[in-house]
Amino acid sequence: MTTITSEVPLNGKAPVHLALRRVAIDTYRENVAYLHRECAACRAEGFQALAKVEIRVNGKRILASLNLVDDPAIVGCDELGLSEDAFAQLGAEPGVPASISQAEPAASIPALHRKIAGERLRREDFQAIVRDIAEHRYSKIELTAFVVACNQGELDREEVYFLTDAMATVGRRLDWREHPVVDKHCIGGIPGNRTSMLVVPIVAAHGMLCPKTSSRAITSPAGTADTMEVLANVELPFERLCEMVREERGCLAWGGTSELSPADDVLIAVERPLSIDSPGQMVASILSKKVAAGSTHLLLDIPIGPTAKVRSMAEAQRLRKLFEFVASRLALTLDVVITDGRQPVGNGIGPVLEARDVMQVLQNDPAAPNDLRQKALRLAGRMLEFDPDVRGGDGYAIARDILDSGRALKKMHSIIAAQGSKPFDHNQPPLAKLSFDVLADHDGVVTGIDNLQLARIATLAGAPKVQGAGVDLLRKLGEPVQAGACLYRVYADFPADLAFARQATERASGFSLGRAEQVPTVYVEF
């Protein structure tokens, strides 16, 4: 039976109490509530579809978008349904009383309208917008309007700083009470490139604090968290995450449980489907997460290449200057390196294949991909030089000694054990059971490898959801091949996925063959 409580929220209306029900729908970082259309509360309060509502359970409060349903199998007239994300945030048991009331409109909407009109926003405007985004006061339409307005209007560098600072301030902000606290980040767009899983154990074995929280893939074949999940648990309670970082000097965990820059997680859910990744939003996303995580020093990897996110040195230098400006305003020490993004790094594309590459490098296996090893050593060396006791130029040799001696492998095993290890044999990785080879159709030298196409093929094959799916590269740039030679092998678990991936390779293999002098050159800092 529906009852009215005596609690009165800011809007002056008493909330309605209904029995809480978990609705098993993944709405990806959007809180969604479900009410039956014939519910007495729905009629009494005048709730409408897509309205913002406030939900309270046992003293906890969330905001959600409302969906009205007609099927009692989804939610009954005396029930309040919540999507997976919303239900998890409240941490309540099904059936407990939950109150629902109309939510106050987002106070920052006038600032949003000014940005849509192309105006320059002030620091307090961005603080208000980010606070409302983090509290889920914006609908998906309003979020999209903000993302598109920032992209089309191209934030100036002061606005990028205001947005970054606001995103870092809203949510948790860690203080490890030591110096330096180091981290690394790559702006992405290069398949494989699993250097973080090598850099963290090297740097942690040296004794530097490196709290590496990583993202999962949304449109790519694997993120660091997806690959690490092959080896260990990555979803750690926040308190345990902090504890193990202090114990092991590092971690390789998913950042979704840490509540660091929570507005960024909400914005990413809109940016990725729209393929919007403007320089200003990229800088704000990356730096806000690092500052909130307590990092004092950051190494930033910007790969450039014909099919990378950044395709010219001029573009890379513009992006570098923007990162450096915002980092300096945030008192974050930043070292930017511009690296080779002409092709995937490592041999594997997909969680299991990338985990295999990482473990081969850590175990100094002769079969380990040398490009992954060398890039990781150079990045780790630059990070080690954040240590005031390490002279400039000595970092690479120290990193190489830590890797060659087995200390990095030992540290990786310790981190895996602390996070909760999973069985994995890099000599017999659990690859998907179906496969096919993509062959060269004529003799030549590999003159081009399309990062975007190979990532798409691996995704069509099922990665990262199917951990053993993906692409295993057998040839790299500059290597000669003969007609009929295998360029790469595709793995999938399901016939439909295999067929989709095969069709994609038939339209475009992602490999170009030609003469040795046609191999593109790129000027990088390694």
Which Cα, out of GLY448, ILE25, ILE398, lies furthest along the positive dipole direction of the chain (beta carbon charges, K/R +1, D/E -1)? ILE398
Placing +1 on each Lys and Arg Cβ and -1 on each Asp and Glu Cβ in the chain, then taking the dipole about the Cα centre, the residue among ILE276, PRO262, LEU300 whose Cα reaches farthest towards the positive end is LEU300
Using a basic spin-label model with each label point 7 Å from the Cα along Cα→Cβ, how many nm lie between ALA496 and LYS465? 0.9
Total formal charge among the other residues, if their Cβ is under 12 angstrom from that of TRP254, Lys/Arg +1 and Asp/Glu -1: -2
Proxy exposure order for ARG123, ARG382 (fewest C-beta within 10 Å first) is ARG123, ARG382
Fewest-first ordering of TYR523, TYR28 by Cβ atoms within 10 Å yields TYR523, TYR28
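By DSSP, what percent of the beta bridges with both residues in the chain are antiparallel, rounded to the nearest 5? Write down the numbers at each step before the final one.
Working: 37 of 68 bridges.
Looking only at bridges with both residues in the chain, the antiparallel portion is about 55 percent.
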For the chain, find the longest principal axis of its Cα atoms and tell me its angle to the long axis of helix 495-507, 0 to 90°, nearest 10. 60
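Please arrange HIS413, HIS297 by counting, for each residue, the other beta carbons lying within 10 Å of its beta carbon, fewest first.
Starting with the residue having the fewest Cβ neighbours, the order is HIS413, HIS297.
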How large are Rg and Dmax for the range 22-174 when calculated on the C-alpha trace, in angstrom? 17.4, 52
Net charge (Lys, Arg +1; Asp, Glu -1) of residues whose beta-carbon lies under 11 Å from that of ASP277, ASP277 excluded, is +1
Return the whole-Å distance between the Cα centroid of the range 339-416 and the Cα centroid of the range 443-503. 24
May I ask for the angle, rounded to the nearest 10°, between helix 351-362 and the longest principal axis of the chain, with both axes built from Cα atoms and the value confined to 0 to 90°? 50
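Is there a quick way to get the dipole size of the range 392-526? I mean about its Cα centre, with the Cβ of Lys and Arg at +1 and of Asp and Glu at -1; what is the value in debye to the nearest 20?
460
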Distance from the range 178-239 to the range 14-50 (C-alpha centre basis), Å: 38
Show which lysines lie in cross-link reach of LYS375 when reach means a straight Cα distance below 20 angstrom and same-chain residues fewer than eight apart are skipped. LYS184, LYS212, LYS309, LYS411, LYS476
Helix 370-384: angle to the longest alpha-carbon principal axis of the chain, degrees 0 to 90, nearest 10? 70
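Since every read-out is calculated from the coordinates, none of them should be taken as a lab result. Quantities reported herein were computed from a predicted structural model and do not represent experimental measurements. Positions of Cβ are generated from backbone atoms using ideal geometry, with glycine treated the same way; all protein chains shown enter the neighbour counts.
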